[in-house]
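Novice: Take this structure, written in structure tokens, and hold onto it; I'll ask about it next.
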């Protein structure tokens, strides 16, 4: 090899080493700059007219279309209470009975022309009113009132579920943005390495196979970037659907309201009072009470209602004024409302079974949420404090070692692949913990859950 070729090869090696160092520095500088931009808001977010944070997401989810439908059902149940809490209307009756036709139609002697009051017609008008006995009105009102309470609890349960779903979409959006930022930084570094490998291939210092491996790694980093961007759009579309907010990443600033790690250990059990305070359990218990009132109402039908009334009669041939009094009561012969009572009894048993099942499901769900929160917290702590920093150090050391010729290309690629997969897993772990944290706070009392998890801004109830 000539002296000129040696000098050229040395210059290429020096350029390649400089490129590797530049790529490493660019990778960490890009990551740090992106982290600062993500935490404090990008330039676009600073000039945005709208800012999306967890508080706004939760508030919007409380009034989405599903909650609005449930709210109208609760309003309808309230109206049923007014409809049930009233006595039967009195009935006014006007009639004519005898029309005397024996004197023909001449004047006031028959039914021909002339004042109606002077005609030979028996006329009457009266009012009848039904007296409900056996406490029917109170029982009917109690049943409707309990159903209204159950509908209100259903509304609260729907609000919590919609808030949990919207918060999950919000944190998925944050995780996708974080993955996109990290993958973009790795893509820039991989492209620099691939460009440097191309220069070394032309100089004859690197094989075509190793150059192709650099190109493949750059393309994989680009594919990961596109995948993170797609996940970001999916989360954004779901968030729009759940909140009815027309979020646009080009004009909206996205606040990173990640929950903090808890300062105290999580509790190991779920108190029974938490189960009883859940809105779905309250709704089931209210329906049991309503079914019991409906059964009592069915039984009260055995107590017959009484209808009383009176009429004022006017018969010109007999008397100018006469009074009629009426009293009627149904004769319950051969049937004791066994069908209505049997149906009400079956519905009461069904409501009791559903209430017990709801309580069991609520207890199991709370225990599951606690275990998910504990596991997510452990994963997030492990990734944030140990795995991600070590993966970054290993990747940085591998690049420096490869630039100095102290490690192979396989070691460098493995280190970069480990870092890429670690960053993806870390973003998912962070999102899982954030979602578990918010759901736990939504489904447990404020006074208890606030001591067991990190703070989450304004979890509305």
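Novice: Considering the Cα positions of segment 182-282, please state its Rg to one decimal place and its Dmax as a whole number of Å.
Specialist: My reading of the Cα-based Rg and Dmax gives 24.2, 77 Å.
Novice: Report D for segment 315-363 in µm² per second (integer): Stokes-Einstein, Kirkwood Rh on Cα pairs, 25 °C, 0.890 mPa s.
Specialist: 152
Novice: Using per-residue counts of other Cβ atoms within 10 Å, averaged over each peptide, order 319-325, 207-213, 183-189, 297-303 from highest down.
Specialist: Going by the mean number of other Cβ atoms within 10 Å, highest first, we get 183-189, 297-303, 207-213, 319-325.
Novice: Let me ask another. Consider just the alpha-carbon atoms of segment 344-404 and return their Rg together with their Dmax, both in angstrom.
Specialist: Reported Rg and Dmax, both Å: 25.3, 85.
Novice: Ok, one more. Restricting the calculation to Cα positions, tell me the Rg (one decimal) and the Dmax (whole number) of segment 309-443 in Å.
Specialist: According to the Cα coordinates of segment 309-443, Rg and Dmax are 39.6, 132 Å.
Novice: Next question, about the same structure. Residues in segment 71-100, backbone N under 18 Å from the label point at residue 306 (7 Å along the Cα-to-beta-carbon vector): list them, ranges by number please.
Specialist: Residues 87-91 qualify, since their backbone N sits under 18 Å from the label point.
Novice: Shape call for segment 256-341 from the C-alpha gyration tensor, a ≥ b ≥ c root eigenvalues: rounded (a/c under 1.5), prolate (a/b greater than b/c) or oblate?
Specialist: Taking the square roots of the gyration eigenvalues as a ≥ b ≥ c, segment 256-341 is prolate.
Novice: Based on the Cβ-Cβ distance from residue 129 to residue 79, what FRET efficiency comes out when R0 is 30 Å, to the nearest 0.05?
Specialist: Computed FRET efficiency for residue 129 and residue 79: 0.75.
Novice: Can you figure out the FRET efficiency of residue 63 with residue 425, using R₀ = 35 Å and their beta-carbon distance, to the nearest 0.05?
Specialist: According to the calculation, E is roughly 0.50.
Novice: Next question, about the same structure. Set the Förster distance to 25 Å, then compute FRET efficiency between residue 327 and residue 96 from the Cβ-Cβ distance, nearest 0.05.
Specialist: 0.60
Novice: Something else about it: When the label point is put 7 Å from the Cα of residue 361 along its Cα-to-beta-carbon vector, which residues of segment 158-181 have a backbone N closer than 19 Å?
Specialist: 158-165
Novice: Hey, another quick one. Binning at 10 Å from 0, report for segment 384-432 what percent of all alpha-carbon pair distances ends up in each bin.
Specialist: Reading upward from the zero bin: 29, 45, 21, 5, 0.
Novice: Using 0.36 nm per residue of separation minus the Cα-Cα distance, give me the extension gain between residue 268 and residue 354 in nm, one decimal.
Specialist: Between residue 268 and residue 354, full extension yields 28.2 nm more.
Every read-out reported here was derived from the displayed coordinates using simple, explicitly stated rules and does not represent laboratory data. Not measured: the values here are computed from a predicted model. Please note: Cβ atoms are built from the backbone with ideal geometry, for glycine as well, and neighbour counts cover all protein chains shown.
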